[in-house]
Each structure stands twice: as C-alpha cells, then as structure tokens.
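Note sheet for the following structure.
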Amino acid sequence: MTTDNERHPTDSALRFPRREERFPHQATPAHGFSIVMAVHDQGFSLEQNLHRFLNMESEADYEVIVVDDSSTDDTPDVLMRLKADSPRLYTTFLPRSVVFNPSRQQLALTIGAKAAKFDRIILADIHRPPSSEGWLAALAEATNEAVLIYSRRKEEAPLRFQQWDELDSASPLIRKAERRSGRGHQGRWLKFSRGLYDALVVDCSLVHDAIRLFDQQPGASTLWGLRLSTYWKNLFNKA
C-alpha cells in the first residue's frame with residue numbers, strides 16, 4: 001500500500017514533465033499515438049478497462065498517459081500496479097491545491113498532452129475503451145485534422161471514423177459531447193447522428209485548441225444549437 005505522501009505529492013515536490021524533459025534527446029514528437037485521459041476516483045474503471053488501451057495491436061508505436069485528478073479512492077494504487085506491468089503507461093498527478101483554473105478537466109488533459117511523446121494525440125475516456133484490439137491499427141488511414149472514433153459493438157465493422165479537414169468544423173460535436181454536465185456521451189441509439197463518439201484524434205499542434213472545447217457549460221439555447229448543428233453535419237459527413 002502506498003503512503004499518503006506517495007499518493008498525493010506536495011506542491012513543492014510536484015512536477016508536470018513536458019515531452020522535452022521526458023525525452024531530452026527527442027527534438028520533435030515521434031510518429032505514433034499518445035492516448036491521453038484524465039481520471040478522478042476511477043479505480044474500478046481503470047481495473048476493468050485500462051488493459052484494453054494498453055494491449056492493442058498496432059504497427060505504430062503508442063503510449064497511454066493517465067492524469068490522476070486528486071483521486072481519493074484506490075486510483076493511485078491501481079495506476080502504480082498497472083504501470084509496473086506496462087512500459088506503455090505513463091502517469092502523473094494533479095493536486096487539488098493547484099493554481100486556480102476554471103476547468104480542472106482542461107488542465108488535467110493539458111498536463112497529459114504536454115508530456116506526450118508522439119505526434120498524434122487521442123483524447124480518450126476510461127469509460128469508453130477500445131472495442132477491439134485492432135482499434136489503434138485502423139487509425140493508420142485516418143490522417144485528417146480531426147478524427148472522431150465511433151465504436152459499433154454489434155456490427156460486423158467494429159469501428160467508424162468521422163474525419164474533418166479542420167478542427168473548427170468538428171467543434172460543435174466536441175462542445176456538445178464534452179460539455180461539463182457529463183451527459184454528452186449518454187445514449188445507445190443513433191449514436192452517429194447524435195455525435196456520441198468514443199474518442200477524438202488530433203495532431204499534437206492542435207491538441208490545446210481541441211482541449212479548450214472540453215468542459216464548457218453551454219446554455220439551453222446554445223445546447224440546442226449544438227445538437228442541431230451536430231445532426232445536420234452528420235447528415236453529410238458519413239465517412
């Protein structure tokens with residue numbers, strides 16, 4: 001069992017390593033995928049799902065970065081144990097007393113993105129794990145500026161990618177799905193039409209613009225506009 005200091009480092013001991021510090025001899029991001037997620041009190045979900053991110057088949061190299069947002073359950077212990085068994089897993093911690101930020105989710109994802117080794121960033125969620133071991137390998141063909149991944153668990157083709165030439169074009173879907181209420185991914189029917197994607201893929205140069213679309217609080221009228229925009233866009237962007 002870890003001690004309280006090991007679980008929750010003090011501010012003076014805390015560091016948020018960037019890629020340049022993790023890999024000082026790597027001048028630019030390497031080709032591959034960095035899967036970034038933020039968690040809070042998700043020890044059970046990590047036990048159930050993290051191995052599905054860590055054990056994918058892919059010719060491209062990849063890593064999984066988990067940012068623990070001040071968990072009070074067994075999340076730190078679970079991450080420490082899983083990290084010992086997987087060289088792909090990198091973890092860091094966001095303390096509760098960190099300098100104020102209007103969105104802790106944005107801050108946690110930013111910390112993870114700055115530490116990323118690779119040039120393609122996948123912003124993922126521990127509750128929406130890969131639907132197959134070939135999930136990452138299938139992304140080799142998806143090279144647009146923004147790619148949304150939809151899992152189709154009951155169909156012959158387990159994945160569906162929706163590619164956008166510009167991040168701005170996908171922003172209504174992202175703002176609706178990643179809104180602060182936490183209900184943006186709920187629903188089992190018409191997942192594609194409603195924009196209920198599982199993960200977002202962007203180039204490392206655009207990841208901070210993408211993160212700024214997370215954890216917003218749209219008003220009722222704005223939310224209806226985002227829903228209509230999502231449905232309208234998905235009538236025409238079927239790929």
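The values are calculated or read from the model by the stated rules, or taken from the named source; none is laboratory data. Keep in mind the model is a prediction, meaning the values are calculated, not measured. Please note: Cβ atoms are built from the backbone with ideal geometry, for glycine as well, and neighbour counts cover all protein chains shown. We work out accessible area using only protein heavy atoms, side chains counted, and drop any ligands, DNA or RNA first. Shrake-Rupley method; radii C 1.70, N 1.55, O 1.52, S 1.80 Å.
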Starting from the Cα gyration tensor of segment 81-239, take the square roots of the eigenvalues, sort them a ≥ b ≥ c, and report rounded, prolate or oblate (rounded when a/c is under 1.5, otherwise prolate if a/b is larger than b/c, else oblate).
oblate
Can you tally the lysine pairs in segment 90-215 where the Cα-Cα distance is under 28 Å and the two residues are eight or more apart, or on different chains?
4
Cubic angstrom per residue, convex hull over Cα atoms of segment 137-201
87 Å³
Expected unfolding gain across D41-F161 under the 0.36 nm per residue rule, minus the alpha-carbon gap, is 40.2 nm
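Which value in deg cm²/dmol, rounded to the nearest 500, describes the helix-derived mean residue ellipticity at 222 nm for the chain, given -39,500 (n - 2.57) per DSSP H run of n ≥ 4 and division by the residue count?
Working: 8 runs with 75 residues, N = 239.
One gets -9000 deg cm²/dmol as the mean residue ellipticity at 222 nm.
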The chain accessible area per residue, 1.4 Å probe, protein heavy atoms, integer Å², reads 52 Å²
Nearest-5 percent of antiparallel DSSP beta bridges in the chain?
45 percent
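Once neighbouring chains are kept in place and the probe is 1.4 Å, which whole percent of the accessible area of the chain is contributed by carbon and sulfur? Please report the intermediate quantities before stating the final value.
Working: 6360 of 12380 Å².
Roughly 51 percent, rounded to a whole number.
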Would you mind computing, in nm to one decimal, how far apart the modelled labels at R183 and S58 are, each placed 7 Å from Cα along Cα→Cβ?
3.3 nm
